[in-house]
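Input: a single structure, listed below in structure tokens.
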């Protein structure tokens, strides 16, 4: 912006995207597919979102769905072991956004 021959500095600030994650069912049978879906705002159409599962205190990537033109995703995943499984969706950092996570979702696998 210029006013009277002066130019103000340009500020750049990274923001968090809103990342959603939902499961078609919060309980599943081991080895049976569970549908996971979500949406990212603002749009990141064409980018990859990481689906992570908590294992032994760390997060492990279990899927890398591509965001649709509407910035959404849907995938099917089979959890192989019984127990309480925690998953989240992560949008990696880029030039305009900080790394952003969905809330953690718990699926009970029988």
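Rule-based calculations on the coordinates, nothing more; no lab input. Computed from a predicted structure; not experimentally measured.
Data table
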| read-out | value |
| --- | --- |
| For region 15-109, convex hull volume per residue from C-alpha positions, Å³ | 83 Å³ |
| Ellipsoid equivalent to region 1-68 - semi-axes via the Cα gyration tensor, in Å | 41, 14, 10 |
